[in-house]
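Below: the structure, in structure tokens.
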Amino acid sequence: MSELATATGARTAYDFAVLRVVPHPHLGTFVPVGVLVHARRAGFLGLAALTDEAALAARVPTVDVPLLARYLAVLQRVAAGDASAGPIALAPTSERFHWLTAPRSDVLQAGPVHEGTCDGEPAHVLGRLFAEYVGR
């Protein structure tokens, strides 16, 4: 994809959302814990999430951290199209992206969907956005 983008000058469009933990939904405060990137034309859907329980506990100590880590791991499998994550994981990337970013009144929510373009591979964008919004 990147060779084609460089040769033709075309850019790859993508959408992304930040996954966030909302420990007290009635207060509306949140802690970013992951990023989801979807580049439809490139056939890419990727989710990078903080799944280390110690790191999650340091950021959101008031939630059930083992359950949150398992939930994030399942969402990663859905994004990757892993059949063990259930029937939604077998849907096309666009449907999975919309399912993963659908509004929820749960402790784990997706923020607003934003858009962008890149010259290279969307996977590189995923890493950059994860570093920017979630950090290490």
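The values are calculated or read from the model by the stated rules, or taken from the named source; none is laboratory data. For clarity, every value in this text was computed on a predicted model and none was experimentally measured. Backbone-built Cβ (ideal geometry, glycine too); neighbour counts: all protein chains shown. Just so you know, the surface numbers come from the protein's heavy atoms only, side chains and all, with ligands and any DNA or RNA stripped out. Shrake-Rupley method; radii C 1.70, N 1.55, O 1.52, S 1.80 Å.
Within the stretch 94-126, restricting attention to residues that are polar (S, T, N, Q) and in contact with a Lys or Arg (Cβ under 7 Å, 6 or more places away or on another chain), the residue that is farthest from Ala49 (Cα to Cα) is Thr117. When Arg70 is tested against (1) open to solvent by 30 Å² or more (accessible area, probe 1.4 Å); (2) under 13 Å from Leu47 (Cα atoms); (3) of a type in the set (Lys, Arg), only condition (2) is not met.
For the stretch 8-24, name all the residues that are open to solvent by less than 70 Å² (accessible area, probe 1.4 Å), in contact with a strand residue (DSSP E or B) (Cβ under 8 Å, 6 or more places away or on another chain) and not acidic (Asp, Glu). Hits for the stretch 8-24 are Thr12, Ala13, Tyr14, Phe16, Ala17, Val18, Leu19, Arg20, Val21, Val22, Pro23.
Rundown of residues vs (1) surrounded by 15 or more Cβ atoms within 10 Å (Cβ to Cβ); (2) of a type in the set (Val, Ile, Thr); (3) in contact with a helix residue (DSSP H, G or I) (Cβ under 6 Å, 6 or more places away or on another chain), yes/no style:
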site: Phe30; (1), (2), (3): yes, no, no
site: Ala85; (1), (2), (3): yes, no, yes
site: Thr117; (1), (2), (3): no, yes, no
site: Val125; (1), (2), (3): yes, yes, no
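Of the residues in the stretch 5-16, at least one is outside any loop (DSSP other than H, G, I, E, B) and free of Cβ contacts under 8 Å to residues at least 24 places away in the same chain. With respect to the conditions (1) open to solvent by 20 Å² or more (accessible area, probe 1.4 Å); (2) touching a strand residue (DSSP E or B) at 6+ places or on another chain (Cβ under 8 Å), Leu36 lacks only one, and its number is (1). Tell me yes or no: at least one residue of the stretch 99-107 is in contact with a strand residue (DSSP E or B) (Cβ under 9 Å, 6 or more places away or on another chain), open to solvent by less than 30 Å² (accessible area, probe 1.4 Å), within 27 Å of Leu67 (Cα to Cα) and not basic (Lys, Arg). Looking for residues that are in contact with a strand residue (DSSP E or B) (Cβ under 9 Å, 6 or more places away or on another chain), open to solvent by less than 30 Å² (accessible area, probe 1.4 Å), within 27 Å of Leu67 (Cα to Cα) and not basic (Lys, Arg), one finds at least one in the stretch 99-107, hence yes. Within the set of pairs 6+ apart or on separate chains, which have a first residue in the stretch 88-114 that is farther than 24 Å from Thr29 by Cα, a second that is among the charged types (D, E, K, R) and assigned to a loop (DSSP other than H, G, I, E, B), and C-beta atoms under 6 Å apart? What qualifies is Ala89/Asp82; Ser94/Arg40.
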